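Report on the structure given below.
A short reminder: the numbers here are calculations on the coordinates, not readings from a lab. It should be emphasised that the depicted structure is a prediction, and the values quoted were computed from it without experimental measurement. Here the Cβ positions follow ideal geometry from the backbone for every residue, glycine too, while neighbour counts run over all protein chains shown.
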Amino acid sequence: MHAVTPHSATEAVLQARALKKDFRGYTAVAGVDLDVRRGEIHALIGPNGAGKTTVFNLLTRFLTPTSGQILFDGVDVSDEKPAQLARRGLVRSFQISAVFSSLTVSENLMLALQRVCVSPVAFWRGRNRLGDVSHRIGDLLRQVDLGEFANTRAGDLAYGRKRALELATTLAAEPKVMLLDEPTQGLGLEDVDRVTDLIKQAAVGRTVVMVEHNMKIVSRIADRISVLRRGEIIAEGSYDEVSRNPQVIESYLGSRRERIR
């Protein structure tokens, strides 16, 4: 990989340039330019079918772009694999909670902490090889308010707390940029508020990119928002700015006279 000189290099940590994805003649993402600023929470929003998840999967290389460029910390990573990006500090979550149900909460975190010392030929390291990680596990549990559940089987947690555990396993990878794919999907109102607070807390000192459909959450925690429609970004800015944009209003409500709530 080679270093390049990106636009707004002093601000942007993750960028896309003319990013495009075609599926058998259908263009899902049509030349997206994106700048994610260091230390901000950047939300990707848009109606169903707008291309949000496709952009998300392209940025994390779970999909291969048809064309375009992805830059991370000023380095062209367009051809790297997801695991390589994770080692660089670009770490993602998924829409469906992914925890090891038969392991305790602490054991899930211990497994996540293996990232710092595993290799392709040695996936699992025992406690004696990891050293004393109890303090790190305890810190992660506190960050996501799971301290009292340390010895609980992950499969026995309520769904909202499973999402909190997933957030903790993402944090265990020590991400520079944390990408969250619909982190509140399937949660009840109380859990939505809890997980939203946890995301805001976890974002301190980090950069977060999130795909989110809940506009209340976006308005509450996003510093910057990119709105997609038919694979293109039609508006970008603060929540107040994009919520007043006529194209955004029309995309969501089919009317230019109303404002997104």
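Please work out how much length the chain gains when fully extended from GLU11 to THR152, using 0.36 nm per residue of separation minus the C-alpha to C-alpha distance, in nm with one decimal.
Working: separation 141, 0.36 × 141 = 50.76 nm, distance 4.13 nm.
That works out to 46.6 nm of additional length.
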Worksheet item: Going 7 Å from the Cα of ASP197 toward and past its Cβ, which residues in segment 155-179 have a backbone nitrogen under 18 Å from where you end up?
Response: 158-168
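Which links in LYS52/LYS81; LYS176/LYS200; LYS20/LYS162 stretch past 27 Å when you go from one Cα to the other?
On the way: LYS52/LYS81 20 Å; LYS176/LYS200 15 Å; LYS20/LYS162 34 Å.
Among LYS52/LYS81; LYS176/LYS200; LYS20/LYS162, the Cα-Cα distance tops 27 Å for LYS20/LYS162.
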Discussion item. Please list, in order along segment 165-170, the HN-Hα scalar couplings obtained from phi with the Karplus expression 6.51 cos²θ - 1.76 cosθ + 1.60 (θ = phi - 60°), rounded to whole Hz, x for Gly and Pro.
Written reply: 5, 4, 4, 5, 5, 5
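If packing is taken as the average count of other Cβ atoms within 10 Å, what order do 145-152, 158-165 fall into, highest mean first? List each step's numbers first, then the result.
Details: 145-152: 14.6, 158-165: 20.6.
So the order, starting with the most tightly packed, is 158-165, 145-152.
Calculate, in nm to one decimal, what SER238 and HIS135 gain on full extension: separation in residues at 0.36 nm each, minus their alpha carbon distance. Walk me through the intermediate numbers first.
Values: separation 103, 0.36 × 103 = 37.08 nm, distance 3.77 nm.
Stretched fully, the SER238-HIS135 segment lengthens by 33.3 nm.
Neighbouring Cβ atoms within 10 Å as the yardstick, rank HIS42, HIS135 fewest first.
Values: HIS42 22, HIS135 8.
In increasing order of surrounding Cβ atoms, one gets HIS135, HIS42.
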Item to complete: Please arrange GLU166, GLU107 by counting, for each residue, the other beta carbons lying within 10 Å of its beta carbon, fewest first.
Response: GLU107, GLU166
